[in-house]
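Structure, as structure tokens:
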Amino acid sequence: MATNDCNSSGNAADLVVPEIKFTKLFINGEFVDPVSGDTFETRDPRTGNVLAHIAEADKADADLAVKAAREAFDHGTYVAPHERGRTMNRLADLVEQHTEELAALDGADAGKLLLLGKLMDIPFAAQTLRYYAGAADKVTARCCASPYQGYTLKEPIGVVGIIIPWNFPSLMFFLKVSPALAAGCTVVVKPAEQTPLSALYYAHLAKLAGIPDGVINAVPGFGPTAGAAITSHMNVDSVSFTGSGEVGRLVMESAARSNLKTVSLELGGKSPLIIFDDADVDMAVNLSRLAIFYNKGEVCVAGSRVYVQEGIYDEFVKKAVEAAQNWKVDKEQFEVVLSYIQHGKSEGATLLTGGKPAGDKGYYIEPTIFADVTEDMKIAQEEIFGPVMSLMKFKTVDEAIEKANCTKYGLAAGIVTRSLDVANRVSRSVRAGTV
């Protein structure tokens, strides 16, 4: 589950874990125990040590959270646009004031780089809040040109169920919660069971910011229980989910079988990075390294399939291996990544570097590069969500496009070339939502 992510001193184990202040469910403005009394462990992926025992929500708790959100919405608790904008900006202020502690929480809970948390994740979360706070009073109606009275009015959809992943706990929380709040919706958030700590902290800050009780509810738990209860709930009007395609399919099925609630999905990827002969090799190596090793490879758009044109392939491989060796996080994902590495070796790919746990503590894996990868191998077809690069060679532009499209995913792609014509042709031909 990791590559070089550690604290700013370069040693993940040196990061001081902050006091864990919030471990209970947050429902209707209060921290409460779960109905069952059950808890689950959240562990520090850098060491494997238990950070805290977190209240485990199930269907009964999800029902209570949805009830609180429904009552807050139906009673018009958060209806005034200027008030929504004001409290959201106040929450952004509080997030910024607690940057150090929040970055440390995500560092301990998700094995993330402390410095990047302080410089990127937490500031971006606050900026996201401010952006949508500015939109809160700009949701306008429109009159229709008609002899009859008619107009189009945009209204909040109601109660929104939000299920977020573990790779960017803070940013994903606000990317989903902020637009819902700006529109006047109320929310029930289920953070990933691997990283529940910052979501509970944000619920606390929302209370301090003056966001009314019931508007934000946070129910840590597991997908088959808490998550399923939210997606199938008859009083949830919309669901926003980020995660795997397999679970996304279950979310859609659950929504369809209940009240036909709207669904927003952001799912997995197996993104190609295509590097042409005319590229600056050193720049291409650095881009490819960032594309797959950033955030431990736990990025939905990670460039895990790297196609290099044959003219620079050998030079690229040599420099990519050197770069990976110079880069010095949940146990289940750790084992998943190791299993894919084993598949790569057993299916005939050549392991150039990495492929082993990094150190004897925690859930870190060395930056890993495979060559001689073919499109039918697991490491070329399935999303690994770890620091594993698959290198493949191509000759022509047409071959690069064909190989890049040899996947069931279509989330993102990257192109490295000096030719605008090649870039435009490939970007139009590769089946990817973002290039």
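Any read-out appearing in this document is the output of simple, stated calculations on the displayed coordinates, not a laboratory observation. In this text the structure is predicted, and so the values were computed from the model without any measurement. We place every Cβ from the backbone using ideal geometry, glycine too, and count neighbours over all the protein chains shown.
Between the alpha-carbon centres of segment 130-176 and segment 243-265 there is a gap of 20 Å.
Taking a straight line from the alpha carbon of residue 21, these aspartates and glutamates sit under 13 Å away, with near neighbours fewer than eight places off in the same chain left out: 101. The alpha carbons of segment 218-298 stretch over 56, 23, 17 Å along the principal axes, in descending order. What the phi angles of segment 383-388 give under the Karplus curve with 6.51, -1.76 and 1.60, with θ = phi - 60°, is a coupling list of 5, 8, 6, x, x, 10 Hz, glycine and proline written as x. A straight chain from residue 259 to residue 278 at 0.36 nm per residue would run longer than the Cα-Cα distance by 1.5 nm. Think of it as helices only: each DSSP H run of n ≥ 4 in the chain is worth -39500 (n - 2.57), and spread over all residues that comes to -12500 deg cm²/dmol at 222 nm. Calculated on the Cα set of segment 124-260, radius of gyration then Dmax: 16.4, 57 Å.
About its Cα centre, the dipole of the chain is roughly 880 debye, where the only charges are +1 on Lys and Arg Cβ and -1 on Asp and Glu Cβ.
What FRET efficiency do you get for residue 222 and residue 124 if R0 is 25 Å and r is their Cβ-Cβ distance, rounded to the nearest 0.05? Intermediate values should be presented prior to the final figure.
Values: r = 28 Å, r/R0 = 1.11.
Efficiency for this residue pair is about 0.35.
With R₀ fixed at 56 Å, the C-beta to C-beta distance from residue 135 to residue 310 puts the FRET efficiency at about 0.70.
As an exercise, use a Förster radius of 60 Å and the Cβ-Cβ distance of residue 71 and residue 420 to find the FRET efficiency, rounded to the nearest 0.05.
Numbers: r = 56 Å, r/R0 = 0.93.
It comes out at approximately 0.60.
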